[in-house]
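Okay, so here's the structure we're looking at.
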Amino acid sequence: MNSTLQLTLSSFGFKYGLPAEATLVWDVRFLPNPYWVEEMRPKTGLDSDVAAYVLTSASAIEFFRLLEPLLKFLVEQQSLAGKKEMWLAIGCTGGQHRSVAVVERLKELLAPQVANVAVLHRDIYRG
C-alpha cells in the first residue's frame, strides 16, 4: 500500500468547467444517464439505485475492466516518480449522477493500494 501519495478523486460537471487542480481528467458522459429516468433525476450517484443504473451497464463494466489496471499502474508510477499528489477528475454533464457513481467506485478499487484517498464531489448539488 502506498502511504505517501495523496490521491484526490473528484467528480464534476463539464457544464461548470474543468477543475484546474486535476492531474488527469476523464469524461464518462458515454455511460447511461440517470437524469433521463424521472424517478432518478433528483437523486445523486451516492444513491444505490442511481449507482447501480450507471455501474451495471455493459459500457461501465467494460470501462472498469480496462481502467482498473491502467489506474493502478498510474498510481504506482506517480509514487515511483516521487510525486506526492495525484488528482483524478471524473466528469459528466452536470456532476450529479454518473461522475459521482464512478468516483465512489474508484475509491473502493483504489483503497487497498493508496492509504490517502480524498473524495470531492464538486458539483453534486448544483443542478
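Please treat every number below as a calculation from the coordinates, not as lab data. All figures in this text were calculated on a predicted structure; none of them were measured in a lab. Positions of Cβ are backbone-derived with ideal geometry, glycine not excepted, and every protein chain shown enters the neighbour counts.
Given a Förster radius of 25 Å and the C-beta distance between residue 81 and residue 30 as r, what FRET efficiency does 1/(1 + (r/R0)^6) yield to the nearest 0.05?
Details: r = 30 Å, r/R0 = 1.20.
Efficiency, from the Cβ-Cβ distance: 0.25.
Charge tally for residue 5 (other residues, Cβ to Cβ under 14 Å; Lys, Arg +1; Asp, Glu -1): +1.
D by Stokes-Einstein for the range 2-121, Kirkwood Rh over Cα pairs, 25 °C, 0.890 mPa s: 169 µm²/s. A simple rule links phi to the HN-Hα coupling: the Karplus curve 6.51 cos²θ - 1.76 cosθ + 1.60 with θ = phi - 60°, which for the range 54-64 gives 6, 7, 9, 5, 4, 5, 5, 4, 5, 4, 5 Hz, with x for Gly and Pro.
Of the peptides 24-32, 62-70, how do they stack up when ordered by the mean number of other Cβ atoms within 10 Å, highest first? Before the final figure, lay out the partial values.
On the way: 24-32: 15.2, 62-70: 12.2.
In descending order of packing, they fall as 24-32, 62-70.
Per-residue Karplus couplings for the range 4-18, computed as 6.51 cos²θ - 1.76 cosθ + 1.60 with θ equal to phi - 60°, are listed in order as 9, 6, 8, 9, 10, 10, 10, 9, 7, x, 4, 5, 9, x, 6 Hz, Gly and Pro entered as x.
Taking other Cβ atoms within 10 Å as a rough exposure proxy, 61, 124 sort from fewest to most as 61, 124.
If the chain linking residue 38 and residue 108 were pulled fully straight, counting 0.36 nm for each residue of separation and taking away their Cα-Cα distance, it would gain 22.4 nm. Amide H contacts of residue 26 (H built 1.01 Å from N, in plane; Pro and chain starts excluded): 89, 90, 91 sit under 5 Å, all sequence-distant by 5 or more or on other chains.
For the peptides 34-46, 97-109, residues were scored by their other Cβ atoms within 10 Å and the scores averaged per peptide; the highest-first order is 97-109, 34-46. Proximity of backbone amide H atoms, modeled 1.01 Å from N, is registered between residue 114 and 2 at under 5 Å, excluding neighbours fewer than 5 places apart on the same chain. Taking the helices alone, the chain has a mean residue ellipticity at 222 nm of -11500 deg cm²/dmol, built from -39,500 (n - 2.57) per DSSP H run of at least 4 residues and averaged over all its residues. Label-to-label distance for residue 66 and residue 14 is 1.6 nm, based on points extended 7 Å past Cα in the beta-carbon direction. Under the classification rounded if a/c is under 1.5, otherwise prolate if a/b is larger than b/c and oblate if not, where does the range 54-127 fall, given a ≥ b ≥ c as square roots of the Cα gyration tensor eigenvalues? Oblate is the answer for the range 54-127, as a/c is 1.5 or above yet b/c matches or exceeds a/b.
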